[in-house]
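**Q** Questions regarding the structure given below will be posed in turn.
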Amino acid sequence: MMIRADDVRTVEADHILQVYKRLPVVLVNGQGSRLFDTNGREYLDLLSGIGVASLGHAHPGLAAAIADQARVLLHTSNLFFHALQGQVAQRLARLSGLTRAFFCNSGTEAVEACLKFARRYWHTQGDGARTGIVAFEQSFHGRTFGSLSVTAEAAYRTPFEPLVPGVTFVPPDNAAAVRNAISSNTAAVIVEPIQGEGGVRPIPTATAAVLAEVCATTGTLLVADEVQCGLGRTGYPFYAAELGLSPDLMALGKSLGAGVPVGAALLSERVAGTISFGDHGSTYGGNLLACRAALVFLDALEGGLLTRITEAGKRLHRGLVALAATQDAISEIRGAGLMWGLETDPVVAKRMVGAALKRGLLINCTAGNVIRLLPPLTISDIEIDEALDRLTRAFDDAAT
């Protein structure tokens, strides 16, 4: 069937809630790290659906597994057992050290679950006054009321206030402020080991050390939001461990389903032991289709993809360093593995997404002046080099 871009845009203008500023292309198919629009034009994808298409586009193994599962059984609800949920939970426990999993449909829902479980933990302990949450400036945790309440950016929060009370925000680069903010009234601290929407900012090691120390001293629960930086994106299973952090709860999403919606909240036995039947739930969470997709992704991750991400990340980083040497607009490069942010002159940053699109490259600008790169975890060396060439040309265009 022929798809006309103008027809798609017209129907959306009439019927889709206008909450997204879309780029003026209609994407219709993909292969690996490449996408194609209605005119057959090819784009190299350095965004992967904001970190979701972890195995690239039209991955043969994922497509076959989804088709096979659709012919067998898609959904039964959580009123019954099925064979796949436990397998995914077991694999995630092996990677994370957190032995219990609650499945949902997105990273936002996983954060929401972690916040509820943290509150439930202290309620079970008989400490109903211990409800405070410490979060970080420049953080993004989602758009539901709970996850939005621990998201720092005022533009996201203000139209929907009042939000959940009792949240304190601290600067991620101020270890003393972290120490002072956490007390015996703090239920949990939530942290992105690498802040994604906030500009691809790794939490400083000094801050992480204080965070680990104070949580241990006060008993405060630590929630790691690894929705964007977890599951191999940085070349490590989870970046919290690289910072010396041992979370009590962890929120996952994005990469886990390789494009099929799935999220997970992981819990330690300490926290899981305080949760009761009926405390939380999800109609779709952990359905067979989502779990089948997650198993395909985990097979790839544990089957050599982690090593490949490390190699690819080094190649991409070398290329970005070489690029920055030729571009005065780039002031800093941050990230790890296949998660990078280029802090850029704000004027250039505003032009870069459009300039890259014209060069056949999909990127994203976040935090106002940071070019964010989240390519598929399967990106090849040839595609990395080609993408760097297009990115260089796009910077040249945007700077003039």
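**Q** Here are some conditions: (1) farther than 30 Å from residue 383 by Cβ; (2) in a helix (DSSP H, G or I); (3) in contact with a Gly (Cβ under 9 Å, 6 or more places away or on another chain). Residue 50 meets all but one. Which one does it not meet?
**A** For residue 50, the exception is condition (1).
**Q** Would you confirm whether or not region 334-343 contains a residue that is more than 17 Å from the chain's Cα centre (by Cα) and either more than 30 Å from residue 156 (Cα to Cα) or crowded, with 22+ Cβ neighbours inside 10 Å (or both)?
**A** Yes, region 334-343 contains a residue that is more than 17 Å from the chain's Cα centre (by Cα) and either more than 30 Å from residue 156 (Cα to Cα) or crowded, with 22+ Cβ neighbours inside 10 Å (or both).
**Q** If you don't mind, there's one more thing I want to ask. Is it the case that some residue within region 375-391 is within 22 Å of residue 25 (Cα to Cα), assigned to a strand (DSSP E or B), out of contact with any Gly (no Cβ under 9 Å at 6 or more places or on another chain) and not assigned by TED's automatic domain parsing to the domain that holds residue 202?
**A** For region 375-391, residues within 22 Å of residue 25 (Cα to Cα), assigned to a strand (DSSP E or B), out of contact with any Gly (no Cβ under 9 Å at 6 or more places or on another chain) and not assigned by TED's automatic domain parsing to the domain that holds residue 202: absent.
**Q** Counting only residues that are assigned to a loop (DSSP other than H, G, I, E, B) and touching a helix residue (DSSP H, G or I) at 6+ places or on another chain (Cβ under 8 Å), which one in region 25-47 is surrounded by the most Cβ atoms within 10 Å (Cβ to Cβ)? First the steps, then the outcome.
**A** So in region 25-47, the residues assigned to a loop (DSSP other than H, G, I, E, B) come out as 25-26, 33, 38-41, 46-47.
Filter once more, so that each one left must be touching a helix residue (DSSP H, G or I) at 6+ places or on another chain (Cβ under 8 Å): 25-26, 33, 38-39, 46.
Numbers: 25: 16, 26: 17, 33: 25, 38: 17, 39: 9, 46: 27.
Looking at residues that are assigned to a loop (DSSP other than H, G, I, E, B) and touching a helix residue (DSSP H, G or I) at 6+ places or on another chain (Cβ under 8 Å), I get 46.
**Q** Using the structure shown, decide if residue 214 is part of a loop (DSSP other than H, G, I, E, B) and β-branched (Val, Ile, Thr).
**A** Numbers: part of a loop (DSSP other than H, G, I, E, B): no; β-branched (Val, Ile, Thr): yes.
Criteria not met by residue 214.
**Q** Residue check: is residue 240 surrounded by fewer than 24 Cβ atoms within 10 Å (Cβ to Cβ) and without any contact (Cβ under 8 Å) to a residue 60 or more places away in the chain?
**A** no
**Q** Further question on the same structure: Is it the case that region 358-369 has a residue that's surrounded by fewer than 20 Cβ atoms within 10 Å (Cβ to Cβ), part of a helix (DSSP H, G or I) and not polar (S, T, N, Q)?
**A** Yes, region 358-369 contains a residue that is surrounded by fewer than 20 Cβ atoms within 10 Å (Cβ to Cβ), part of a helix (DSSP H, G or I) and not polar (S, T, N, Q).
**Q** Is region 143-161 home to any residue that is assigned to a strand (DSSP E or B), surrounded by 15 or more Cβ atoms within 10 Å (Cβ to Cβ) and touching a Gly at 6+ places or on another chain (Cβ under 9 Å)?
**A** Step one: filter region 143-161 for residues assigned to a strand (DSSP E or B), giving none.
No, every residue in region 143-161 fails to be assigned to a strand (DSSP E or B), surrounded by 15 or more Cβ atoms within 10 Å (Cβ to Cβ) and touching a Gly at 6+ places or on another chain (Cβ under 9 Å).
**Q** Continuing with this model, one more query. Please go through region 68-98 and pick out each residue that is part of a loop (DSSP other than H, G, I, E, B) and either under 21 Å from the mean Cα position of the chain (by Cα) or not polar (S, T, N, Q) (or both).
**A** Hits for region 68-98 are 73, 74, 75, 79, 80, 81, 82, 83, 84, 97, 98.
**Q** Can you work out which of the residues in region 255-308 that are of a type in the set (D, E, K, R) and within 16 Å of residue 114 (Cβ to Cβ) is surrounded by the fewest Cβ atoms within 10 Å (Cβ to Cβ)?
**A** Filtering region 255-308 for residues that are of a type in the set (D, E, K, R) and within 16 Å of residue 114 (Cβ to Cβ), the one surrounded by the fewest Cβ atoms within 10 Å (Cβ to Cβ) comes out as 269.
The values are calculated or read from the model by the stated rules, or taken from the named source; none is laboratory data. Every value quoted in this text rests on a predicted model; they were computed, and no experiment measured them. Don't worry about glycine lacking a Cβ; one is built from the backbone with ideal geometry, like all the others, and counts go over all protein chains shown.
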